[in-house]
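Working notes, structure below.
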Amino acid sequence: MKNYLSIDQGTTSSRAIIFNSNLELVRDSQKEYDLVYPNDGWVELDPRDVIETVKETITAVLDKNEEIEACGITNQRETTLVWSKSTGEPIYSAIVWQDRRTHEICSKLKSDGYEELISQKTGLLLDPYFSATKIKWILDNVDGARSMAEEGDLLFGTIDTYLIYKFSKEKNHFTDVTNASRTLLFNINTMEWDDELLELFDIPKPMMPKVLACDEDFGTISINGNNIPIRGVIGDQQAALVGQGCFSNGDMKSTYGTGCFLMVNTEDNPVSIKEGLLTTIAYKLEGRVHYAIEGSIYSCGNIIKWLRDKMKFFNSAIESESFIDKEGNSNNVLFLPAFNGLGAPFWDSDIRGGFYGITQDTTITDMTTASFLAIAFQTKEITSILEKYKIEISKLLVDGGMVQNKTFCQLLADALQKEIIKPTNVESTALGACKVAMIGSGVDLREISNQNLSTFRPNKDLKEQYLINHKNWKEYITDSLKN
């Protein structure tokens, strides 16, 4: 039995897990850290928190007497770091994927007519969510950064790249195709950094990491006397797709973490959908590229964290389950889930969150239920668009920390009127990183077993009620976007 190390670096925590060849969890460790919000719409993290929490969790799970076959890394995507080649230290905090500070840069490029060009090359929308404008902002706003970049002394990377650079003995400056595809700088048709886009965003090409397939050799982690080959790297949402075993055309999963990300495998066909969904690279494994359609929702688990930490509605995320009405009745209270704008399919950076319909009779249960309904209804907006394009959805595979909440899973099934399928191990991102490392170590993709699953079936008696609730919520969102 061989063991594999999976590093799952998320938006608000780092996790290390040892899996065995049967994909059974042997040991795990997780450490949280705080994000920083310097201005309205700005979201940052301290790179030292990432490095320290990753180091602590790896150290916690490693057994000195145990040989680790390989390591797989999965990470929050789009979060942007720029560091000095000579010192290895960042010149600014990491700008998190949720950050909206570059909205004006995107608006200017849109008004200049570049959005269609960017979409054709990258499959993405021109939005602050992605890395390119974050890099440009750092180069334009940090003293001396632009000249350092032009002299070849600055390197860019998403979190995976920074971890590889900091932890590998070789100090490799590598990324994989999935993370590269989320930068607005990588051409998903030619599979390389695009010179025209780099020039458009005024980013020197020497800053960019070398792009590898997900299952290539990324170097060797050297930590506490252990030397572990890195044989898998993949962005977190693509990792969840792999973790859920979505390897065929039409296979679909939705991850409910800090944000929510629904992804559909379209194999070798980069399908383009105009209604606010993204075309992206699902993975490159065993020499073959698969594409995917993705719907990205900014606010999900962070809503529940806000209800817990800021509003003090309950003491733990698990406790929130007792404050969800089992039939989805929020007593006419509606929630706009837009702490940092709305993602797919609305893509509005300026709008902010709020409740509607609060009266003296409103309870914590009403507001909590309205918050969970808003998450479900955002998912419904995306699945409705997919169905217009004849992408059949009979069931939805779900994962992420939020789906440990069984009441939410049932609410989701009732809101979508679809079967919700939950794996025993809901941390599909970490599992996906392990699978990719196994493939990179020579294990045949077809030999990797799937997990036990739980099914939540929709209550047909609640169908009409949920249709009315969704209609009211959609009208509230639409009216808010107009104002």
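Candidates are the residues of the stretch 218-234 that are modelled with pLDDT under 95 and farther than 15 Å from Ile17 by Cβ; the one that is surrounded by the fewest Cβ atoms within 10 Å (Cβ to Cβ) is Gly225. Being assigned to a strand (DSSP E or B), in contact with an Asp or Glu (Cβ under 6 Å, 6 or more places away or on another chain) and in contact (Cβ under 8 Å) with a residue 24 or more places away in the chain is the requirement here; does Val233 meet it? Answer is yes for this residue. Remark: Ile477 falls outside the filter, which requires a residue to be surrounded by 16 or more Cβ atoms within 10 Å (Cβ to Cβ) and in contact with a Cys (Cβ under 7 Å, 6 or more places away or on another chain). I'm trying to understand the selection: among the residues of the stretch 332-388, which are among the aliphatic types (A, V, I, L, M), closer than 16 Å to Lys471 by Cα and within 21 Å of the chain's Cα centre (by Cα)? Listed by number, the residues that qualify are Leu336, Leu373, Ala374, Ile375, Ala376, Ile382, Ile385.
The numbered conditions (1) in a strand (DSSP E or B); (2) over 24 Å from Pro458 (Cα atoms) are all true for Ile358 except (1).
Restricted to the stretch 6-33, and to residues there that are under 18 Å from Thr258 (Cβ atoms) and of a type in the set (S, T, N, Q), the residue that is farthest from the chain's Cα centre (by Cα) is Gln30. Here Asp143 passes the criteria (1) touching a residue at least 12 places away in the same chain (Cβ under 8 Å); (2) surrounded by fewer than 22 Cβ atoms within 10 Å (Cβ to Cβ) except the one numbered (1). What residue, among those in the stretch 244-281 that are aromatic (Phe, Trp, Tyr) and assigned to a strand (DSSP E or B), is modelled with the lowest pLDDT? Out of the qualifying residues, it is Phe261.
Scanning the stretch 1-55 for residues that are of a type in the set (A, V, I, L, M) and part of a helix (DSSP H, G or I) turns up Val50, Ile51, Val54. Mind checking whether some residue in the stretch 164-173 is buried (at least 17 other Cβ atoms within 10 Å of the Cβ) and touching a Pro at 6+ places or on another chain (Cβ under 7 Å)? Scanning the stretch 164-173, I find at least one residue that is buried (at least 17 other Cβ atoms within 10 Å of the Cβ) and touching a Pro at 6+ places or on another chain (Cβ under 7 Å), so the answer is yes.
Taking the options Thr80, Thr53, name whichever one is at pLDDT 95 or above and either closer than 21 Å to Gly400 by Cα or aromatic (Phe, Trp, Tyr) (or both).
Checking each option against the conditions leaves just Thr53.
The single condition from (1) acidic (Asp, Glu); (2) within 30 Å of Thr53 (Cβ to Cβ); (3) touching a helix residue (DSSP H, G or I) at 6+ places or on another chain (Cβ under 7 Å) that Asp153 fails is (3). Looking across the stretch 8-48 at every residue that is closer than 23 Å to Gly88 by Cα and of a type in the set (A, V, I, L, M, F, W, C), the one that is surrounded by the fewest Cβ atoms within 10 Å (Cβ to Cβ) is identified as Val36. Applying the condition of being β-branched (Val, Ile, Thr) and farther than 17 Å from Trp83 by Cβ to the stretch 181-215 and asking which residue is surrounded by the fewest Cβ atoms within 10 Å (Cβ to Cβ) yields Thr190.
Matching residues to (1) farther than 30 Å from Lys310 by Cβ; (2) not aromatic (Phe, Trp, Tyr):
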position: Tyr4; (1), (2): yes, no
position: Thr12; (1), (2): no, yes
position: Val36; (1), (2): no, yes
position: Trp42; (1), (2): no, no
position: Leu45; (1), (2): no, yes
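Quick check on my filter: what residues within the stretch 389-409 are in a strand (DSSP E or B) and either of a type outside the set (D, E, K, R) or under 16 Å from the mean Cα position of the chain (by Cα) (or both)?
So the first thing to find is which residues in the stretch 389-409 are in a strand (DSSP E or B), and the list is 395-399.
Answer for the stretch 389-409, where residues must be in a strand (DSSP E or B) and either of a type outside the set (D, E, K, R) or under 16 Å from the mean Cα position of the chain (by Cα) (or both): Leu396, Leu397, Val398, Asp399.
For the stretch 64-103, residues that are over 13 Å from Gly157 (Cα atoms) and either free of Cβ contacts under 8 Å to residues at least 40 places away in the same chain or not in a loop (DSSP other than H, G, I, E, B) (or both) total 11. Looking across the stretch 457-466, the residues that are surrounded by 12 or more Cβ atoms within 10 Å (Cβ to Cβ) and either without any contact (Cβ under 8 Å) to a residue 24 or more places away in the chain or under 11 Å from Ala415 (Cβ atoms) (or both) come down to Pro458, Asn459, Leu462, Lys463, Gln465, Tyr466. On the stretch given as the stretch 147-167, residues that are under 29 Å from Gly341 (Cβ atoms) and either small (Gly, Ala, Ser) or at pLDDT below 95 (or both) total 2.
Selection of first residues in the stretch 348-377 that are under 30 Å from Lys110 (Cβ atoms) and of second residues that are among the charged types (D, E, K, R), restricted to Cβ pairs under 7 Å at least 6 apart or on distinct chains, gives the following pairs, ordered by first then second residue: Ser349/Arg100. Of all residues in the stretch 287-322, count the ones that are in a helix (DSSP H, G or I) and among the aliphatic types (A, V, I, L, M). Residues that pass the stated criteria total 4. Among Ala344, Ala374, which is among the small types (Gly, Ala, Ser) and part of a helix (DSSP H, G or I)? None of the others qualify; the one that does is Ala374. Based on this model, can you work out whether Ile304 counts as hydrophobic (A, V, I, L, M, F, W, C), farther than 20 Å from Asp176 by Cα, surrounded by 21 or more Cβ atoms within 10 Å (Cβ to Cβ) and over 14 Å from the mean Cα position of the chain (by Cα)? It is true that Ile304 is hydrophobic (A, V, I, L, M, F, W, C), farther than 20 Å from Asp176 by Cα, surrounded by 21 or more Cβ atoms within 10 Å (Cβ to Cβ) and over 14 Å from the mean Cα position of the chain (by Cα).
Restricting attention to the stretch 282-309, and to residues there that are β-branched (Val, Ile, Thr) and out of contact with any strand residue (DSSP E or B) (no Cβ under 6 Å at 6 or more places or on another chain), which single residue is modelled with the highest pLDDT? So, considering only residues that are β-branched (Val, Ile, Thr) and out of contact with any strand residue (DSSP E or B) (no Cβ under 6 Å at 6 or more places or on another chain), the one modelled with the highest pLDDT is Val289.
Of the residues making up the stretch 126-140, none is part of a helix (DSSP H, G or I), in contact (Cβ under 8 Å) with a residue 12 or more places away in the chain, of a type in the set (Val, Ile, Thr) and under 21 Å from Tyr4 (Cα atoms).
The values are calculated or read from the model by the stated rules, or taken from the named source; none is laboratory data. Predicted, not measured: the structure shown is a model, and the values here were computed from it. All Cβ positions, even for glycine, are placed from backbone atoms using ideal geometry, and neighbour counts span all protein chains on display.
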